[in-house]
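Bear in mind that the values in this text are calculations on the coordinates, not laboratory data. Bear in mind the structure is a predicted one, so any value in this text is a computation, not a measurement. Methodologically, a virtual Cβ is constructed for each residue, glycine included, from the backbone with ideal geometry; neighbour enumeration extends over all protein chains shown.
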Ligand code: PEP
Ligand code: MN
């Protein structure tokens, strides 16, 4: 996937003056529900109407989707409102049915992206299609798996590609349903700048109150669009009730978002940006220098421990450092999560240094 320029064309062809919007219910429930929501979204900025037809649920026994019947409802949506349609496919049979019903955009869900077998099966079934295919990130924070999914589709000659960032599962307690781990999406964007990148704040947050903020962050990070679950009666939705918004709320979210331009040629903007970037460069250099110094001290401690035959890991001391640094960080506007992560990484590097000395 060297020349990725062609990946961008489907989005450019839409000639949007706002981010791409994919909206609609988590699941298609009934024909009335699907059409009701679609008609309410018809005159908004929504470009693609989404609805899950086959629902991958973590545990069996929940509503698992209406199946192929729902594809007919999506066809009706297109006929009655003119909106293009989108759904999730998770095997070759889904692909066959979705193509037969002329669904315009297909996405591969987070639980499918984790499995190269499934992605390959879908890629083979889609080979050469000109439909838009979006790959959600895998459930676990693994960039390689996400890239692998895209590469399998690209190799199957599917060129209208894009990705959806829907957050990653974690055992750590978090305010999100799926941790955004923005750095993974940024890394993907750096590797494939021409690959359209859509954010799904619904599955990241699991909570409709947080959708606006996460959407704004995504746009600030130059995401190309948003996929937002929308239902006329969110609280009574058959799946993902807490995270769905009403069509009216969706319109308000879109109106309130600040849409940033990628660059602004105004000279003073450039000058100020360059100045701030220079300050960042200086701060980064200082960071590296001070971390290097810290490791040198750590090496000395390693040598001392070797002399006295003391274990590398001293948990009590470590917990004290961590507690102090969290407090210190807070007073400087750094989140506890960030301080913890940073110090865990520093600590690990320190242990590696000391181990090397003890074994040396
Ligand atoms: C969905 O979009 O409805 C869905 C099931 O999402 P995910 O694959 O991100 O869990
Ligand atoms: Mn959902």
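General observations
- The ranking of 94, 353 from fewest to most other beta carbons within 10 Å of each one's beta carbon is 353, 94.
- Rule-of-thumb Rg ratio for the range 268-359 [Cα; 2.2 N^0.38 Å; N residues]: 1.40
- Folded to 0 to 90 degrees: helix 211-220 orientation relative to the chain principal axis, Cα: 70
- Arranged from fewest to most other beta-carbon atoms within 10 Å of their beta carbon, 238, 318, 107, 54 become 318, 238, 54, 107.
- Nearest-ten-degree value, helix 267-308 long axis tilted from longest Cα axis of the chain: 50
- Each label was represented as a point 7 Å from its Cα along the Cα-to-Cβ direction; for residue 127 and residue 355 these points are 4.5 nm apart.
- Whether the range 18-60 is rounded, prolate or oblate, judged on the alpha carbon gyration tensor where a/c under 1.5 counts as rounded: oblate
- Average 1/r across all pairs of distinct alpha carbons in the range 132-204, invert it, and you get the Kirkwood radius: 12.5 Å.
- Share, in percent, of DSSP beta bridges within the chain that are antiparallel, nearest 5: 5
- Between the helical axis of 116-126 and the longest alpha-carbon principal axis of the chain there is an angle of about 30 degrees.
- The Rg/Rh ratio for the range 199-258 is 0.96, where Rg is the radius of gyration of the alpha carbons and Rh is the Kirkwood radius.
- Beta bridge orientation in the range 122-256: antiparallel %, DSSP, nearest 5: 10
- Percent of C-alpha pairs per 10 Å bin, the range 1-98, short to long: 15, 40, 31, 13, 1
- Proxy reagent accessibility, fewest Cβ within 10 Å first, across 202, 115, 350: 115, 350, 202
- For the range 4-261: rounded, prolate or oblate by the Cα gyration tensor [a/c cutoff 1.5]: rounded
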